[in-house]
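So the structure is just underneath, and the comments pick up after that.
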Amino acid sequence: MSQSGRELDIQAYRIDREPFYAEVRGEVGLFTIAAKSKMPVMLKGPTGCGKTRFVQHMAHKLGRPLITVACHEDLTASDLVGRYLLKGQETVWADGPLTIGVKHGAIVYLDEVVEARKDTTVIIHPLSDDRRVLPIEKKGQIVEAADDFMLVISYNPGYQSVLKDLKQSTKQRFMAIEFDYPSPAVETTVVEREAGVSREIAEKLVKLGGKVRNLKNHGLEEGVSTRLLIYAGTLIRQGVAPAQACDVAIARPITDDADMQRSILELVKAIF
C-alpha cells in the first residue's frame with residue numbers, strides 16, 4: 001500500500017466532532033500530562049461510567065487518532081499485531097490495530113483488557129515501559145512507537161473474578177485514573193444533554209440511579225450505569241411512559257431476578 005493509502009487509513013480513526021464529556025475530578029489534566037510524557041494510562045471503574053467517552057474526548061482534544069479494541073476471550077496476539085493473509089496468489093502481511101497505532105502515533109485503547117487471552121497482555125509490556133517497542137515475531141521485526149503513540153487500557157476491578165484480574169507486572173506499568181459514577185449534579189447534566197430530556201426528567205433519572213446503586217449491597221451485582229440512564233431518558237423523550245422506559249432500559253438489563261426488578265419498578269413509581 002502506498003504512503004497516501006496508509007495515511008488515508010489512519011485518518012479514518014480521527015474523531016471529527018468533539019464528544020461531550022463532563023470532567024469529574026481532574027482526569028483531563030492528568031491524561032494530557034500522561035500523553036505529553038509518553039506515559040501509558042489505565043482507566044479503572046464500573047461499566048458505563050464514562051471511560052470510553054473520556055478516551056474519545058481526549059483523542060479529539062489532543063488531535064490524535066483513536067483505535068479502540070473491545071477485548072474478549074478469543075482475542076489473540078495476532079489479532080492485535082497482525083498476520084499474513086492470502087491475497088490472490090501471494091501472501092501479504094496485514095498490520096493489526098495495535099501495530100497501526102504504534103506506527104502512526106494513535107491512541108490505542110484496549111477496552112476491558114482482562115477479557116483478552118493472557119498472551120495478548122504480554123505483548124503490550126514492551127510498549128508500556130521506557131522501551132516503547134512492539135516486537136512482531138512473525139516478521140522478525142521490532143517496531144519503535146511513534147512519538148504520539150499512547151497505550152490506554154481499561155478494566156472494571158469490582159466486576160472481575162480473581163482468575164481474570166490483571167497481573168501486578170502489568171498494572172505497575174501504567175498510571176491509573178480511577179473512575180466512578182459522577183456526582184448527581186454532573187450526571188444530571190450528562191443525562192439531560194445526551195438523552196435530550198428536560199432537567200426535571202434528568203434529575204429524576206439520576207435520583208433513580210442513586211437509589212438503584214444502593215441496592216448493590218442487597219443482591220444486585222452491578223449498579224445502573226450512566227449509559228442506561230441515558231437510554232431510559234431517550235425512550236422517555238420519544239414518548240415511552242417512564243415506568244416502561246425504566247423497566248426495559250434499567251431494571252431488565254441489570255438483573256434477571258424478578259423480585260429485584262419489582263423493587264426497582266417500585267422506586268420508579270415513587271420517583272415518577
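Quick notes on this one:
- The single condition among (1) touching a residue at least 60 places away in the same chain (Cβ under 8 Å); (2) outside any helix (DSSP H, G or I) that ASP129 does not satisfy is (1).
- Filter result (under 19 Å from LYS103 (Cα atoms), in a helix (DSSP H, G or I) and either out of contact with any helix residue (DSSP H, G or I) (no Cβ under 8 Å at 6 or more places or on another chain) or of a type in the set (S, T, N, Q) (or both)) within segment 35-59: LYS36, ALA59
- Yes/no for ASP147 being out of contact with any helix residue (DSSP H, G or I) (no Cβ under 8 Å at 6 or more places or on another chain), surrounded by fewer than 18 Cβ atoms within 10 Å (Cβ to Cβ) and of a type outside the set (A, V, I, L, M, F, W, C): yes
- The residues listed here are PRO46, PRO40; of these, the one that is in contact with a Leu (Cβ under 7 Å, 6 or more places away or on another chain) and either at pLDDT below 95 or under 24 Å from GLU178 (Cβ atoms) (or both) is PRO40.
- Members of segment 148-171 found to be closer than 28 Å to GLU221 by Cα and at pLDDT 90 or above, listed by number: VAL152, ILE153, SER154
- Looking across ALA145, ALA116, one residue alone is at negative phi and at pLDDT 95 or above. It is ALA145.
- Residue match in segment 257-266 (condition: outside any helix (DSSP H, G or I), free of Cβ contacts under 8 Å to residues at least 60 places away in the same chain and in the same structural domain as LEU205 (by TED's automatic domain parsing)): yes
- Residues that are small (Gly, Ala, Ser), surrounded by 14 or more Cβ atoms within 10 Å (Cβ to Cβ) and touching a Pro at 6+ places or on another chain (Cβ under 9 Å) occur in segment 196-209; there is at least one.
Let's see how each residue does on (1) more than 14 Å from ILE271 (Cβ to Cβ); (2) of a type in the set (A, V, I, L, M):
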position	(1), (2)
ALA202	no, yes
LEU205	no, yes
LEU208	no, yes
ALA232	no, yes
VAL240	yes, yes
GLN244	yes, no
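- Condition check for THR68: at pLDDT 95 or above and not in a helix (DSSP H, G or I): yes
- Residue in segment 63-83 that is under 19 Å from LEU30 (Cβ atoms), assigned by TED's automatic domain parsing to the domain that holds ASP9, touching a helix residue (DSSP H, G or I) at 6+ places or on another chain (Cβ under 9 Å) and surrounded by fewer than 20 Cβ atoms within 10 Å (Cβ to Cβ) present: no
- Identity of the residue in segment 1-34, more than 30 Å from ALA195 (Cα to Cα) and among the small types (Gly, Ala, Ser), that ends up modelled with the lowest pLDDT: SER2
- Inside segment 72-107, residues that are of a type in the set (Asp, Glu), under 17 Å from ILE123 (Cα atoms) and either part of a strand (DSSP E or B) or touching a residue at least 60 places away in the same chain (Cβ under 8 Å) (or both) make up a count of 1.
- Among the residues of segment 108-125, those that are surrounded by fewer than 16 Cβ atoms within 10 Å (Cβ to Cβ) and part of a helix (DSSP H, G or I) comprise LYS118, ASP119, VAL122, HIS125.
- Any pair with Cβ under 9 angstrom, 6 or more apart, that starts in segment 176-200 at a residue that is farther than 24 Å from SER154 by Cα and ends at one that is among the acidic types (Asp, Glu): THR188/GLU203; GLU192/GLU203; SER198/GLU192; ARG199/GLU192
The values are calculated or read from the model by the stated rules, or taken from the named source; none is laboratory data. Quantities reported herein were computed from a predicted structural model and do not represent experimental measurements. Reconstructed Cβ throughout: ideal geometry from the backbone, glycine too, with neighbour counts over all protein chains shown.
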